[in-house]
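Here is the structure we will look at.
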Amino acid sequence: MEISDYLQDDGITSRRVLDAMRVVPRERFVPEAHLSEAHANHPLPIGHGQTISQPFVVAYMTQALDLRSTDRVLEIGTGSGYQAAILAELAAEVYTVETIAALADRARLVLVGLGYPNIHVRTGNGYHGWPEEAPFDAAIVTAAATHVPSALVEQLAPEGRMIIPVGAAFAVQRLVMVRKSAGGRVTEESLLPVRFVPFTGEGED
Ligand code: SAH
């Protein structure tokens with residue numbers, strides 16, 4: 001069974017998201033030991049205690065962002081680089097930050113090999129976002145935060161949206177959709193329960 005087939009069964013309806021999930025070769029982002037499971041609908045270990053998210057969660061979060069081809073997107077938690085590649089299929093530029101240098105380096109190599117000149121990988125603590133490249137039309141955090149970092153909200157453009165798992169580490173979190181209106185008003189909506197690896201290096205806002 002193909003990834004896009006079970007995504008449709010699970011309620012992913014965006015044609016653009018389904019096409020992106022069909023085009024990006026997930027097998028290039030998973031370790032050799034797990035190649036046979038590359039298209040299965042569950043997360044897989046990528047080393048350093050981290051995981052590549054399950055295809056459904058990648059598609060769900062991407063669909064929620066409702067990306068336009070002109071959008072500039074910020075991702076916190078590059079991991080394997082897979083989510084960044086999906087975003088890059090749908091948006092103009094992707095800025096992604098990873099705290100573990102070895103993962104950032106590997107993701108960069110894979111993404112260059114696949115030919116994504118519009119993905120920019122930075123090693124560092126994503127808690128502070130990427131202020132030099134702000135504002136962003138959309139942002140996605142792929143590690144579980146205890147709260148929504150205010151720097152990331154500040155770096156959203158008017159009419160920007162951000163999706164982020166919020167909750168305790170090593171527990172079930174909630175995906176939260178943060179929206180900034182044209183006038184700068186910020187609202188939050190709680191979506192699906194999820195389970196992500198912890199966001200490290202969180203400060204106080
Ligand atoms: N989006 C990834 C999945 C990432 S798993 C993929 O498609 O493969 C979460 C990643 O967030 C891990 O690689 C972890 O190292 C990273 N991370 C955790 N805290 C972070 C922080 N403060 N800044 C940047 N990256 C962080």
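Couplings 3J(HN,Hα) for segment 48-62, derived from phi with the Karplus relation 6.51 cos²θ - 1.76 cosθ + 1.60 (θ = phi - 60°), are 6, x, 10, 9, 8, 5, 6, x, 4, 5, 4, 5, 4, 5, 5 Hz, where x marks Gly and Pro. The distance between label points at Glu204 and Glu154 comes to 1.7 nm (points 7 Å beyond Cα on the Cα→Cβ vector).
Under 19 Å from the 7 Å Cα→Cβ point of Asn41, by amide nitrogen: which residues of segment 77-112? The answer is 83.
Across the protein chains, with a 1.4 Å probe defining accessible surface, the residues Leu191, Leu90 rank Leu191, Leu90 from largest area downward. Surface exposure of segment 157-205, expressed per residue as accessible area with a 1.4 Å probe, stands at 55 Å². Taken along the Cα-to-beta-carbon direction at a fixed 7 Å, the label points for Leu192 and Glu2 span 2.0 nm. If R0 is 30 Å, the Cβ-Cβ spacing of Arg22 and Ser69 corresponds to a FRET efficiency of close to 0.95. Let me know the shape class of the chain, please: from the alpha-carbon gyration tensor, a ≥ b ≥ c as square roots of the eigenvalues, rounded when a/c is under 1.5, otherwise prolate if a/b is greater than b/c, or oblate. Verdict is rounded for the chain.
Working note: 222 nm ellipticity from helices only, DSSP H runs with n ≥ 4, each -39,500 (n - 2.57), summed and divided by the residues of the chain, gives -7500 deg cm²/dmol to the nearest 500. On a per residue basis, segment 13-151 carries 40 Å² of accessible surface, using protein heavy atoms and a 1.4 Å probe.
Please give the residues of segment 146-162, grouped as numeric ranges, whose backbone N is less than 19 Å from a label point set 7 Å along the Cα-to-Cβ vector of Arg185. The answer is 153-154, 156-162, whose backbone nitrogens lie closer than 19 Å to the label point. Accessible surface of segment 34-165, 1.4 Å probe: 55 percent of it comes from carbon and sulfur atoms. Within the assembled protein chains, the solvent-accessible surface assigned to Arg28 is about 120 Å², based on a 1.4 Å probe.
Remark: segment 67-76, residue by residue, has Karplus-estimated 3J(HN,Hα) of 6, 9, 5, 9, 6, 9, 10, 9, 10, 10 Hz, where x stands for each Gly or Pro and the curve is 6.51 cos²θ - 1.76 cosθ + 1.60 at θ = phi - 60°. Electrostatic bookkeeping for Glu133 treats Lys and Arg as +1 and Asp and Glu as -1; over the other residues with beta carbon under 14 Å from its beta carbon, the sum is -4. Taking amide H positions as modeled 1.01 Å from N, with prolines and chain starts lacking one, the residues under 5 Å from His120 and 5 or more places away or on another chain are Val94, Tyr95, Thr96.
The values are calculated or read from the model by the stated rules, or taken from the named source; none is laboratory data. As the structure is a prediction and not an experimental result, all values here were calculated from the model. All Cβ positions, glycine included, derive from the backbone under ideal geometry; neighbour counts span all protein chains shown. Keep in mind that these areas ignore ligands, DNA and RNA; they rest on the heavy atoms of the full protein, side chains included. Shrake-Rupley method; radii C 1.70, N 1.55, O 1.52, S 1.80 Å.
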